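Working notes, beginning with the structure itself.
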Amino acid sequence: VDTVASGLEVPWALAFAPDGRLFVTERIGRIRVIENGVLRREPWATLPVAAQGEAGLMGITIAPNFATSRAIYVVATVDRDDALVNRVLRLTDEDGVGVRPTVVLDDIPAAVFHAGDAIAFGPDGRLYVATGDAREPSHAQNTASLAGKVLRMRSDGSVPADNPTPGSLVYTRGVRNV
């Protein structure tokens, strides 16, 4: 076993950029970078999140066109009006820091447990987001809810024409907590 980095606070997910940097999310809302085997002292970005239980800053993925777009996507849990929701955010790597966090998708049901929040680009170039059932098992089968699903979208959050249900981000349903 080799230690890649120490001094991280609840590291959750990681993604390698084509330039060799390793991006790591910390559930408390920081995105850290390991470069040439060294953890940068300052966070690449810090986002306001509701870090509790299994919720907070979770999944991270690098855009397939990162060399030109400089885009990195994350999923975060936030507190809105005393309710937890997940959102997909896109940040831009500019001069080695994450800037311009932009909401790509919002209002995904969340909870302290079963928040889900895995994110990745598939070989088809589409963005996939796995959501938990937010501790409400019925959400997973409810086609009107984004909870308990794998969502498939374009990088701007719009629905691809070839999704299983026209006009819906839902790619699969019936998931407890990915």
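The values are calculated or read from the model by the stated rules, or taken from the named source; none is laboratory data. Predicted model only: the values in this text are computed from it and were never measured. Heads up, the Cβs are rebuilt from the backbone with ideal geometry, glycines too, and the neighbour counts pull from every protein chain shown. For accessibility, only protein heavy atoms count, side chains too; no ligands or nucleic acids. Shrake-Rupley method; radii C 1.70, N 1.55, O 1.52, S 1.80 Å.
See the values below:
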{"quantity": "Sequence of THR25, THR68, THR46 when ordered by accessible area, the most exposed leading, probe 1.4 angstrom", "calculated": "THR68, THR46, THR25"}
{"quantity": "Label-point gap, in nm, between SER69 and THR3 - each point 7 angstrom along Cα→Cβ", "calculated": "3.6 nm"}
{"quantity": "Long-range HN-HN contacts of ALA45 with modeled amide H, under 5 Å", "calculated": "ILE31, GLY98"}
{"quantity": "Phi to ³J(HN,Hα) by Karplus 6.51 cos²θ - 1.76 cosθ + 1.60 over segment 58-67, Hz, x for Gly, Pro", "calculated": "10, x, 8, 8, 9, 4, x, 9, 3, 4"}
{"quantity": "Distance between segment 46-123 and segment 143-178 - C-alpha centres, whole angstrom", "calculated": "16 Å"}
{"quantity": "Solvent-accessible area per residue for segment 57-178 (1.4 angstrom probe, square angstrom)", "calculated": "45 Å²"}
{"quantity": "Simple Cβ-charge dipole of the chain, Lys/Arg +1 and Asp/Glu -1, about Cα centre, in debye nearest 20", "calculated": "220 debye"}
{"quantity": "5 angstrom amide H check on ASP117, placed H, neighbours 5+ away", "calculated": "ALA130, THR131, GLY132"}
{"quantity": "Carbon and sulfur %, accessible surface of the chain computed with the full protein complex present, 1.4 Å", "calculated": "50 percent"}
{"quantity": "Efficiency of FRET from Cβ geometry, THR92 and GLU136, R₀ 30 Å, rounded to 0.05", "calculated": "0.30"}
{"quantity": "Sparse-neighbourhood loop sites, GluC sites (Glu not before Pro) in segment 1-96 - DSSP loop, at most 14 other Cβ within 10 angstrom", "calculated": "GLU9"}
{"quantity": "Rounded to whole Hz, the Karplus (6.51, -1.76, 1.60) HN-Hα couplings of segment 24-40, x for glycine and proline", "calculated": "10, 8, 10, 3, 6, x, 9, 10, 10, 10, 10, 10, 6, x, 10, 6, 4"}
{"quantity": "Nonlocal amide H pairs with TYR171, under 5 Å, H built at 1.01 Å", "calculated": "VAL150, LEU151, ARG152"}
{"quantity": "Dipole of the chain [Lys/Arg +1, Asp/Glu -1 at C-beta], most positive-end residue of HIS114, THR77, VAL4", "calculated": "HIS114"}
